[in-house]
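FYI, it's all coordinate maths here, none of it is from the lab. All figures in this text were calculated on a predicted structure; none of them were measured in a lab. In this analysis, Cβ positions are derived from the backbone assuming ideal geometry, glycine residues included, and neighbour counts consider all displayed protein chains.
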Amino acid sequence: MPTTQRAGNSTTEAALLSAIRDRLRGGRYDDALAAVPDVGALADRMVAALPSVKHEADELIGPFYDASSLAAWRGVTRQAISKASAKGDLLGLKIGDGSRIFPSFQFGPSGAPLPHLREVLALLDPEHIDPWGSALWLNTVADAFGGTTAAQALRDGRHDPVLRAARRAERAWLADA
């Protein structure tokens, strides 16, 4: 691994460890930590929360999880992830090798999908024809969302403007079809 990349990782790693220490020092988690039987398993779950897939679309809509890392973070099976994607509860994007990757922007801090995500996805792409287009739509800054993305607006609890914009997009795309 190049030295500059490792140095960057060391800086990020140090910042992450510092942020974790700061949160633990508040004493808010003392009881929870005392009840943790396996600190290694807890560390594994925390690391699983880090998106690990590198993809050429990282700058636009990444970073990404693969099904295995997302399942580990959420504490479910890969089959549950696949089923949620097929139902439209999660945005899964097919890549060249046929596998699916999952943009991290669609999840809250606990790993749960953003509120109203399923509803928005159903409006944007009810037949699951263009999930990449939906991902771009959700992760593009727009005035309609106060200069943030639709995903950020959902995260902030501002689902009404996102649903209105998704309905407008749905009508426009249906008119073009």
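At an R0 of 25 angstrom, the distance between the Cβ atoms of Ala112 and Ile20 translates into a FRET efficiency of 0.75. For the range 97-169, the percent of C-alpha pairs falling in each 5 Å distance bin, counted from 0 to the bin holding the largest distance, reads 3, 17, 29, 27, 15, 6, 2, 0. Distance from the Cα centroid of the range 101-177 to that of the range 73-97 is 17 Å (rounded to whole angstrom).
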